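Comments concern the structure below.
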Amino acid sequence: MLKPGGQYLFFLVMNLLLMPGNFFSQSKTADSLLGRLKNAKEDSNKVNLLNDLGWEIKEHNPDSAILLSKNAIAIAKKIQWNKGTGDAYNNLGAYSYLKAEYADALSWHTAALKIRTLTNDRKGIAASFGNIGLVYRMLGNYSMAIEFYFKALKIADETGDLKLQANNLGNIGVVYRNMGNFDGALDYYFKALQKTEFLHDKAGAVRHLANIGIVYYSKGDYDKALEYYFKALKRDEEAGNKNGMAKHLGNIGAVYQDQKNFDEALAYYSKALKLREELGAKNLIASSLGNMGKVYSLKKNYSKALEFCKKSLELAVAAGDMDMCKEDHEHLFEIYAATGDFKKALNEFKRYISLRDSLSNEAATKKTIQTQMQYDFDKKSVADSIKNSEAKKFEEIKHGHEIARQKTFTYGGIAGFLVMIVVAVISFLAFRNKKKANIEIARQKQLVEAKQKEILDSIYYARRIQRTLITSEKYIEKKLLHLRKEK
């Protein structure tokens, strides 16, 4: 991985991109991305350009795509941009998957998941779950594949992402089909088809229609298989998708072959071959030629069967398709044996056995890798479980302290409230007593005032009597004096 500030690896990649001979077989998109990348500053935009360019060239140049993503990680970490780091890790997982380096793919996708979990990137988390599920599926670890697909589906349901729901429903269907649970596979394929039809996702709908046809074919229900293969074929014809059309035509040919309708089988295999020759995919051309060779052999037209099987083998070798080579050697052995050429038959049988054993060893190696990965995963799960358990205990202790603290506050609050109530009651009683005292004082005051008024009134009355009496005495005295003078 590039270290921030180290430019050697980056310039190496740029030199590879610009090498004569069209190293990257560049598309217009790749040319455009490269042009923008040359003068880009080391920021999030440059990280995106590196990721996008790597994704554009991944099919033909996964090694160079890996170098681009590692450079993107170095820059993303330098600028502390987690999303860019997570996207680059995700791309590295995809490139390793393309190279069938499944242990590396799982490691990169797990790293992407960790980053996306830290940033709570729900869509990214779901994508990482799905990618991890895909790796496990390729390793034949269907229980783990199902587990991660359902995790991705759960997020899709929670976020209401219908496209993500459809993709994961379809993925679950594939795993069930691989496990031989055909009814379960059909259930999930039909659910996925319903979602894609609602979304008007034509490509997704065709994929699910074809998969439904494959399941019916596996169940031996050839009429249903043809029904869904023809539905898929019609959709791809309308879309002009030659690759899809060739695939459906080949599937239809296989159904007719199993029904022993050899002429119809040859007609559809021939149509598929013509389209694949236009597309130029050697391994797919080899497959169509091999299929036609099988049918000619079943028709006992051994000269034609030999012709097509030899052509198929030649292209399979050129394409490096060992599975196809194995099948071709097996068919050539059967043809030579049927025609009495036992020497050639023995040679073809030896080659078939050699390839079969080689592929079996490869499968055993893959199984060993799967077992080791499962062990590592279980070990990590246990470690995570212990870590989570310790974290849980810490949280419980912390929660206990918090509850105790809250209880202290609660009891203190209650005590304070009770004191307030007591003070309020005392104050109320004191106020009531004071009020009663004031009323009594006022009543006493009124009584005193009434007594005082009564006394004053008596005094005033006596004074008036006195004045009356005083006037009468003077009057009598005056009268007496007058009487004396008259004498």
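Criterion first (at pLDDT 95 or above and surrounded by 15 or more Cβ atoms within 10 Å (Cβ to Cβ)) does Ser303 satisfy it?
Details: at pLDDT 95 or above: yes; surrounded by 15 or more Cβ atoms within 10 Å (Cβ to Cβ): no.
When the stated conditions are applied, Ser303 does not pass them.
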Quiz prompt | Residues that are surrounded by fewer than 20 Cβ atoms within 10 Å (Cβ to Cβ), touching a residue at least 12 places away in the same chain (Cβ under 8 Å) and closer than 21 Å to Ser288 by Cβ, drawn from region 219-234 | solution = Tyr222, Leu226, Phe230
Exercise. Could you tell me which numbered condition Leu306 fails, if it satisfies all but one of (1) within 30 Å of Lys350 (Cβ to Cβ); (2) hydrophobic (A, V, I, L, M, F, W, C); (3) touching an Asp or Glu at 6+ places or on another chain (Cβ under 6 Å)?
Key: (3)
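Can you report the number of residues in region 184-202 which are more than 15 Å from Leu169 (Cα to Cα) and either surrounded by 15 or more Cβ atoms within 10 Å (Cβ to Cβ) or among the aliphatic types (A, V, I, L, M) (or both)? Before you say what the answer is, go through the steps one by one.
Here is the first cut: in region 184-202, the ones more than 15 Å from Leu169 (Cα to Cα) are 200, 202.
Within this subset, residues satisfying the condition of being either surrounded by 15 or more Cβ atoms within 10 Å (Cβ to Cβ) or among the aliphatic types (A, V, I, L, M) (or both) are 202.
So the count comes out to 1.
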Practice problem: May I ask you to list pairs of residues, at least six apart or on different chains, whose Cβ atoms are under 8 Å apart, with the first in region 271-290 being more than 16 Å from Leu313 (Cα to Cα) and the second being among the charged types (D, E, K, R)? | Solution: Ala272/Lys247; Leu275/Lys242; Glu278/Lys242; Leu279/Lys242
Quiz item: Which of the residues that make up region 294-317 are touching a Ser or Thr at 6+ places or on another chain (Cβ under 6 Å) and under 12 Å from Asp328 (Cβ atoms)?
Solution: Ala305
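At negative phi, surrounded by 21 or more Cβ atoms within 10 Å (Cβ to Cβ), at pLDDT below 95 and not small (Gly, Ala, Ser): is that true of Leu139 in this structure? Let's see the steps before the verdict.
Numbers: at negative phi: yes; surrounded by 21 or more Cβ atoms within 10 Å (Cβ to Cβ): yes; at pLDDT below 95: yes; not small (Gly, Ala, Ser): yes.
Answer is yes for this residue.
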Exercise. Evaluate the following for Leu209: is it within 20 Å of the chain's Cα centre (by Cα) and either in a loop (DSSP other than H, G, I, E, B) or under 20 Å from Asn251 (Cα atoms) (or both)?
Key: no
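Here is a yes/no grid of residues against (1) touching a Ser or Thr at 6+ places or on another chain (Cβ under 9 Å); (2) closer than 20 Å to Ser96 by Cα; (3) modelled with pLDDT of 90 or more:
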site	(1), (2), (3)
Asn15	no, no, no
Met19	no, no, no
Phe24	yes, yes, no
Lys46	no, no, yes
Glu56	yes, yes, yes
Practice problem: Could you look through region 142-170, keep only residues that are of a type outside the set (D, E, K, R) and closer than 19 Å to Trp108 by Cβ, and pick out the one that is surrounded by the fewest Cβ atoms within 10 Å (Cβ to Cβ)? | Solution: Met144
Exercise. Any chance you could count how many residues in region 112-125 are among the small types (Gly, Ala, Ser) and in contact with a Ser or Thr (Cβ under 8 Å, 6 or more places away or on another chain)?
Key: 1
Quiz item: If you go through region 344-358 one residue at a time, how many are within 18 Å of Ala305 (Cβ to Cβ) and loosely packed, with under 13 Cβ neighbours inside 10 Å?
Solution: 0
Quiz item: Any chance region 292-314 includes a residue that's acidic (Asp, Glu), without any contact (Cβ under 8 Å) to a residue 40 or more places away in the chain and under 26 Å from Tyr216 (Cβ atoms)?
Solution: no
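Here is a list: Leu289, Leu273, Leu284, Leu249. Which entry is of a type outside the set (Lys, Arg), at negative phi and at pLDDT below 95? Write out each step before concluding.
Working: Leu289 fails: at pLDDT below 95; Leu273 fails: at pLDDT below 95; Leu249 fails: at pLDDT below 95.
On inspection, the qualifying residue turns out to be Leu284.
Every residue, every condition in (1) under 11 Å from the mean Cα position of the chain (by Cα); (2) polar (S, T, N, Q); (3) within 16 Å of Asn211 (Cα to Cα), yes or no:
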| residue | (1), (2), (3) |
| --- | --- |
| Ala112 | no, no, no |
| Ser143 | no, yes, no |
| Tyr149 | yes, no, no |
| Asp157 | yes, no, no |
| Val175 | no, no, yes |
| Asn178 | no, yes, yes |
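The values are calculated or read from the model by the stated rules, or taken from the named source; none is laboratory data. Remember, it's a predicted structure, so these values are computed and weren't measured experimentally. Because the Cβ atoms are built from the backbone with ideal geometry, glycine has one as well, and the counts that use them run over all protein chains shown.
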